[in-house]
Amino acid sequence: MSRGIWLVSLVSAVMGLAGLTGCSSFASNTMAVAPARSPQVLKTVALIMGEPNFSVDGAYQELEEGQYTQPELRNGSLVMAPLGDIVPYLGGQYSFTVSDGRLRLSLGDKTLVASVGQRKATVNDEPVVLDAAVEERSGSAWVPVSSVWEALGGFVKWDKARQRLTGAFVLPAGAKLADFARGGPVTEETLLAQKAEFYGSADGVRMADVIVGYQNADGGWPKLEKTVSLLTPVNKEAMTGFRSKSTIDNDSTTKQLVALAKVHAVSGKSSHKASFLRCLDYLLAAQHASGGWQQFWPQPQGYKARITFNDDAIANVLEILRDVANREPEMAFVDAARVEKARNAYEKGLKLILASQIRIDGKKTGWAAQYDEVTLKPAMGRAFELPSVSGDESVNVLRFLMSVPSPQPEVVDAIQSGVAWFEAAKVSGMRLVQVNDKTLEFGFDRRVLADASAPPVWARFYDLETGRPLFTSRDGVKKTIYADVSYERRVKYNWYTSAALELLTKDYPAWLARNKVDGR
């Protein structure tokens, strides 16, 4: 379909959302109006060649959870990909049976049925011919995306220059496609940033009730966007696939647990206590035999099964377990059996941290963002997060170690070694700047400029062999120069961090004084 036809079709579909035949703003009072239609929403999906993701209305999701799966381009424009995560995200239904090779996709008012090895398919029992035969790969059905999207009512466009396939769908509105309530005084991002008196207020209790309402049956919570309101019940039906799974990524689960403790300390509400204990049991059960925690649990897939320090996940869990074990006031209601389990889990986790500090040329450095759950060697996260020493996650690992009371010699050595590495790894004499450019996709670029007056920064990742800053793109190929990173990853990911500056100038000196330790 040409770009012009695609745009005309899309505009017509959007106008149909209002149930009108044309623009009514300037129409006379006698203009005929088409019968009202059922509420509809417009969703735009994109697949980018070479990237293991899809985007819906600009928000990126993984094509197959934790598997690094990328769409495949054939013969210049034929795109093959699995749709098992995309269709449910759009509110549809997806089923594929490996044993008989039967594929069934439903979206809106259309249902497509196809079989592995066949180009012939049906849509609402009417025959259609796909651009290529359906294929089975590692338990997934790979389909010719353009013809499947068109068969399901999508408006499809292939952008050769950007190597991007886009499909726009006008779908019936419903709970699965309804957005979450957003903004307001208490959001997912700010639920722990409220004034102390808030947690004993009516709104505090209301927030805790909302938190309890979207807790998963396993005791954990799924990850929400930062702007989602937590004073309005969360639409659980809109969370599909791995988006509905319990995780400690991005402070999820641990943040909700702490908020519940704060509210329960004042309200004493039994539902809040029961929810807290379910989550504590979840964290205790989720601890890996190694002593660490995985990003998602249970049944993590791909890189989500790695032991993760990413986004301070393990440090957050250990701080909670320590508070439970120490019977801190807000968590003093926990029973003795769970307190003992929390103490044991904490000690096991602390040993993991000490054992996983990375050595380069015999010297202790920092920590990786994630580790293989079996070998405990630094491991890849997403395709652009290679095995490395993290200049970001290592900061809060050290902060956690500095919070250990009466630290033993092995803890002291880990802290001082980590601080010495940060001092040696800092990048001086350069500044990262944003350059506005409306001709670019996101309207700006980021560049590194020489600047002797710039404060020190640290790379997000350091090479495990050379100890030098490490960069990459979604292709996972190592790069040593920031400018060589692909444009999308250059502007959509933070490759430099200043988090260690406060650690070195404030936290470490305070720790030395508090523990009467001589600095190296």
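If only the Cβ of Lys and Arg carry +1 and only the Cβ of Asp and Glu carry -1, the dipole of the chain around its Cα centre is close to 320 debye. Taking amide H atoms as placed 1.01 Å from N in the peptide plane, the amide H of T187 lies under 5 Å from those of L230, each 5 or more residues away in sequence or on another chain. Residues K195, K304, sorted by accessible area with the largest first, give K195, K304 [1.4 Å probe; ligands and nucleic acids excluded].
Within the chain, the proportion of C-alpha pairs whose separation exceeds 29 Å stands at 61%.
Excluding ligands, DNA and RNA, the accessible surface per residue across region 131-274 is 40 Å² with a 1.4 Å probe. Computed from backbone phi with θ = phi - 60° and the Karplus coefficients 6.51, -1.76 and 1.60, the 3J(HN,Hα) list for region 474-490 is 5, 7, x, 8, 4, 9, 10, 10, 4, 5, 7, 5, 4, 4, 4, 6, 5 Hz; x is used for glycine and proline. Straight Cα distances below 24 angstrom link K195 to the lysines K223, K226, K255, K262, K269, K273, with same-chain residues fewer than 8 positions distant left out.
Legend: residue pairs K176/K341; K43/K438; K245/K348, Cα-Cα distance threshold 27 Å; pairs beyond threshold, K176/K341. Assuming charge only on the beta carbon of Lys and Arg (+1) and of Asp and Glu (-1), the dipole of region 62-199 about its Cα centre is about 380 debye to the nearest 20. 3J(HN,Hα) along region 111-120, derived from phi through the Karplus expression 6.51 cos²θ - 1.76 cosθ + 1.60 where θ = phi - 60°, amounts to 10, 9, 10, 9, 9, 4, x, 10, 8, 6 Hz, with x in place of Gly and Pro. A 1.4 Å probe, protein heavy atoms only, puts the accessible area of F309 near 10 Å². When restricted to Cα atoms, region 418-466 yields an Rg and a Dmax of 14.4, 44 Å, respectively.
Among 146-159, 245-258, 61-74, sorting by the average number of other beta carbon atoms lying within 10 angstrom of each residue, highest first, gives 245-258, 146-159, 61-74. Here region 261-372 is described by how far its Cα atoms reach on the three principal axes: 54, 29, 22 Å, from widest to narrowest.
Give me the percent of the accessible area of the chain that comes from carbon and sulfur atoms, probe 1.4 Å, all protein chains in place.
The C+S portion of the solvent-accessible surface of the chain is 51 percent.
For region 166-231, the residue among L192, A175, I211 whose Cα projects farthest onto the positive side of the dipole built from Cβ charges is A175.
Ranking R306, R359 from most to least accessible surface, computed with a 1.4 Å probe over the protein chains only, gives R359, R306. Put simply, the amide H of A181, placed in the peptide plane, has neighbours under 5 Å in S229, N235, leaving out anything fewer than 5 places away on its chain. Remark: region 399-471 carries 52 Å² of accessible area per residue (probe radius 1.4 Å; ligands, DNA and RNA excluded).
Taking the Cα centre of region 320-478 as origin and assigning +1 to Lys and Arg Cβ atoms and -1 to Asp and Glu Cβ atoms, the resulting dipole is close to 100 debye.
Cα centroid separation, region 434-476 to region 345-423: 24 Å.
Toward the positive end of the charge dipole of the chain, about the Cα centre and with charges on Cβ (Lys, Arg +1; Asp, Glu -1), which of V134, A202, V433 goes farthest? Selected residue: V433. How much net charge surrounds A132 when only the other residues with a Cβ under 15 Å from the Cβ of A132 are counted, with Lys and Arg +1 and Asp and Glu -1? Once positives and negatives cancel, what remains is -1. Scanning the chain for DSSP H helices at least 15 Å long along the axis (C-alpha atoms) with a Kyte-Doolittle mean no lower than 0.0 picks out 3-16, 202-213, 254-267, 270-286, 313-325, 409-425. Remark: region 121-135, residue by residue, has Karplus-estimated 3J(HN,Hα) of 8, 10, 10, 6, 6, 9, x, 9, 10, 7, 5, 7, 6, 5, 10 Hz, where x stands for each Gly or Pro and the curve is 6.51 cos²θ - 1.76 cosθ + 1.60 at θ = phi - 60°. For region 151-206, what does the alpha-carbon gyration tensor say about shape, rounded, prolate or oblate, given a ≥ b ≥ c as the root eigenvalues, a/c under 1.5 as rounded, and a/b over b/c as prolate? It is oblate, given that a/c is not under 1.5 and a/b is not larger than b/c. Neighbours of H272 by Cβ distance under 10 Å: Lys/Arg scored +1, Asp/Glu scored -1, total +2. Working note: 222 nm ellipticity from helices only, DSSP H runs with n ≥ 4, each -39,500 (n - 2.57), summed and divided by the residues of the chain, gives -8500 deg cm²/dmol to the nearest 500. All Cα-Cα distances of region 94-219, cut into 10 Å bins from zero to the largest, leave 10, 27, 21, 17, 16, 8, 1 percent in each bin in turn.
Model label sites at A175 and Y68, defined 7 Å from Cα along the beta-carbon direction, differ in position by 3.9 nm.
The values are calculated or read from the model by the stated rules, or taken from the named source; none is laboratory data. Predicted model, so just to flag it, every value in this text is computed and none were measured. Please note: Cβ atoms are built from the backbone with ideal geometry, for glycine as well, and neighbour counts cover all protein chains shown. All accessible areas refer to the heavy atoms of the entire protein, side chains included, with ligands and DNA or RNA removed. Shrake-Rupley method; radii C 1.70, N 1.55, O 1.52, S 1.80 Å.
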